[in-house]
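Student: This structure is in structure tokens; I'll ask about it shortly.
The values are calculated or read from the model by the stated rules, or taken from the named source; none is laboratory data. Because the structure is a prediction, the values reported are computed rather than measured. Note: ideal-geometry Cβ built from the backbone for every residue, glycine included; neighbour counts use all protein chains shown.
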Amino acid sequence: MSTFIAISFSGLALGAIYFLVASGLSLIYGLMEVLNFAHGAFLTVGAYAAWVTATHLPASVSAPERFLVAVVVAVLAGAVIAGATEVALIRPLYRRPVSQILVTVGLDLVVVALLLGVFGSNSQAVPVPSWLAGATRVGPEILPNADFVALGAGAAVLLGLVWFLGHARYGLIIRAGVENRDMVAALGINVRRAFTLVFVIGGAAAGLAGILNSVVFSGALVSPTQGDSLLIFAFIVVVIGGLGSLWGSALAAVMVGMLQDYVSFYAGTGGLAQMGSISVVLLLAVVLLVRPSGLMGEAR
Amino acid sequence: MLEVSDLHVRLGGAHILQGVSFSVAAGGVTAMMGRNGVGKTTTLKALLGLVPSTGSARIMGQEVRGWPTHRIAQLGVGYVPEEREIFTRLTVAENLRLAEAGLSGDYPRVYSLFPELQERGRQAAGTLSGGQQQMLAIARVLLRVRPLLLVDEPTKGLAPKLVGEVVEVLAQLSSSATILLVEQNVHVVRRLAQRVLVLDHGEVVHEGPADELSDENLARRLVGVSGPE
């Protein structure tokens, strides 16, 4: 029972990381119909920005403060590169989906190559507070603190986005734009600002996912290709949840994270650890067969 | 108010507008008529920058061709599309709030014309009846002062009683705004419009006073359509 709860909790934390990446992808596709293959690069840039910050702050800065500042910088770095990408690369290519795919794939390759060139192929260790590497007893269970942080971040981003989309004026514009962006523009609203904002929000969440994924699942190491491996699962989450559906992404992220952890553990004891990833692809296939528009998506 | 000259639209290899030219003076209602597929809706979309076009379109003295849609709308152009295109997943109140476009909306005016929309503020717009959706589509353009309204087939698919209500609202609006009305129903046009433009094969083939349509034979020859009283 104890093992099952620990795996469930780890699966939830993994789901939270997937959600952080997938929420931005889903919003970007939902509003702009852009398949953003550079999203993994936003994540990686966020993680590297956090690492550079955490390792260059003065020694007088305490470990918790160092980590908090690094997280903030990761979020900002993700937001800035995403916003710049939308303005410089995506905006000139509206309604040209093939060109958008090519340019975002190209950007991802360039960012990974740049990071490899500047920082090398070795993974880099992010200094984290000792509390984050520890665990907390909850009843009979001992659960990793890092998982709590990932879950808290995922929940906070979900609630923040739900509030933003439900109550803020730009949230309203984004929801309307997902349905009919031409009509939003015909009401006199500059929907392109909403496009940029969606990229910025998605990039910020990806930056956060970048540093948290390093801390929670990669031994506090950042690497140039970490974004690409997460991006594949994030795309699967977005498709399972339904393109453009935030709640769909949240539900699918939890399903994928938990399924992957359960199967990896229980099949892994039989030497089939890769079955975790395969099970996710099978889940995707089943969902697409039963409900092609995803769990909470609408047919387009 | 509106001057269109040699407007061309090509979409997917089809040459839809083939040099549309006309002008609309300030005030009143100008109806644009013609058979299905001759380019009436495309003309409105081209004026709003919703489809790429070549030629010239001047609104209130400003050349707007090439402008982004939101900028054209901010000039004071309201658009009531043929398919209503309300935001079905938003509530009625959210649809209206969006249409304020960052300014304070003239809700007293909207609710005096459409009291039902106030009662149904929290209802998802997609669950409204066709007539209520049309009212919402019209209400959206009334929240702000918009000197030019582009209204596309506002009576299409409505029950005769609702057609009468929509016509009444448009008649009231025409005292404060210039309306370019795409309409197939000759009787609605006779009731509302002072001038008529007839499109055929992507060009304006006839312009004249709306009174001409009282001659049934001429109306049938020009437009090829009629409608219920």
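Student: From (1) in contact with a helix residue (DSSP H, G or I) (Cβ under 6 Å, 6 or more places away or on another chain); (2) without any contact (Cβ under 8 Å) to a residue 40 or more places away in the chain; (3) more than 19 Å from A:SER223 (Cα to Cα), pick out the condition that doesn't hold for A:PHE4.
Tutor: Failing condition for A:PHE4: (1).
Student: For the stretch B:52-90, what are the residues that are charged (D, E, K, R) and under 19 Å from the mean Cα position of the chain (by Cα)? Spell out how you get there, then give the answer.
Tutor: Quick first cut of the stretch B:52-90, residues charged (D, E, K, R) only: B:58, B:63, B:65, B:71, B:82-85, B:89.
Matches in the stretch B:52-90: B:ARG58, B:ARG65, B:ARG71, B:GLU82, B:GLU83, B:ARG84, B:GLU85.
Student: Of the residues B:VAL38, B:VAL64, which single one is in contact (Cβ under 8 Å) with a residue 60 or more places away in the chain and either more than 11 Å from chain A (Cβ to nearest Cβ) or surrounded by 24 or more Cβ atoms within 10 Å (Cβ to Cβ) (or both)?
Tutor: B:VAL38
Student: Got a number for residues in the stretch A:181-221 being outside any helix (DSSP H, G or I) and either aliphatic (A, V, I, L, M) or within 14 Å of chain B (Cβ to nearest Cβ) (or both)?
Tutor: Selection size over the stretch A:181-221: 6.
Student: Mind checking which helices (runs of 4 or more DSSP H) fall wholly inside the stretch A:8-123 and carry at least 1 residues that are over 19 Å from A:SER218 (Cβ atoms) and of a type in the set (A, V, I, L, M)?
Tutor: A:63-85, A:97-119
Student: Okay, moving on. Filter the stretch B:75-103 for residues that are free of Cβ contacts under 8 Å to residues at least 24 places away in the same chain, within 17 Å of A:ILE173 (Cβ to Cβ) and assigned to a loop (DSSP other than H, G, I, E, B) and give the result.
Tutor: Hit for the stretch B:75-103 is B:GLY102, nothing else.
Student: Of the numbered conditions (1) more than 10 Å from chain B (Cβ to nearest Cβ); (2) in contact (Cβ under 8 Å) with a residue 60 or more places away in the chain, A:VAL178 satisfies every one except a single condition; which is it?
Tutor: Failing condition for A:VAL178: (1).
Student: For A:LEU295, state whether it is free of Cβ contacts under 8 Å to residues at least 60 places away in the same chain, outside any loop (DSSP other than H, G, I, E, B) and over 29 Å from A:GLY117 (Cβ atoms).
Tutor: Here the answer is no, as A:LEU295 does not meet what is asked.
Student: Across the stretch A:82-132, what is the total count of residues that are more than 30 Å from A:ALA59 (Cβ to Cβ), surrounded by fewer than 16 Cβ atoms within 10 Å (Cβ to Cβ) and among the polar types (S, T, N, Q)?
Tutor: 1
Student: May I pose another question? Among helices (runs of 4 or more DSSP H) lying entirely in the stretch B:119-226, which contain 2 or more residues that are crowded, with 17+ Cβ neighbours inside 10 Å, away from chain A (no Cβ under 14 Å) and touching a residue at least 40 places away in the same chain (Cβ under 8 Å)?
Tutor: It comes to B:160-173, B:186-192, B:216-223.
Student: How many of the residues in the stretch A:166-182 are farther than 11 Å from B:ASN95 by Cα and of a type in the set (A, V, I, L, M, F, W, C)?
Tutor: So the count comes out to 3.
Student: How about the stretch A:132-164: which of its residues are at pLDDT below 90 and in a helix (DSSP H, G or I)?
Tutor: A:LEU132, A:ALA133
Student: Considering only the stretch A:160-169, I want to know if a residue exists there that is among the β-branched types (Val, Ile, Thr), surrounded by fewer than 22 Cβ atoms within 10 Å (Cβ to Cβ) and more than 23 Å from A:ASP261 (Cβ to Cβ).
Tutor: Taking every residue of the stretch A:160-169 in turn, at least one turns out to be among the β-branched types (Val, Ile, Thr), surrounded by fewer than 22 Cβ atoms within 10 Å (Cβ to Cβ) and more than 23 Å from A:ASP261 (Cβ to Cβ).
Student: Next question, about the same structure. Here is a check on your reading of the model: is B:SER129 among the small types (Gly, Ala, Ser), over 19 Å from B:SER23 (Cα atoms) and at pLDDT below 85?
Tutor: Working: among the small types (Gly, Ala, Ser): yes; over 19 Å from B:SER23 (Cα atoms): yes; at pLDDT below 85: no.
Criteria not met by B:SER129.
Student: Among the residues of the stretch A:243-263, are any closer than 26 Å to A:PHE4 by Cα, surrounded by fewer than 18 Cβ atoms within 10 Å (Cβ to Cβ) and either within 14 Å of chain B (Cβ to nearest Cβ) or among the small types (Gly, Ala, Ser) (or both)?
Tutor: Yes - at least one qualifying residue is present in the stretch A:243-263.
Student: Quick test of your reading of the structure: A:VAL52 fulfils all but one of (1) under 20 Å from A:VAL111 (Cα atoms); (2) buried (at least 24 other Cβ atoms within 10 Å of the Cβ). Name the failing condition by number.
Tutor: All conditions pass for A:VAL52, except number (2).
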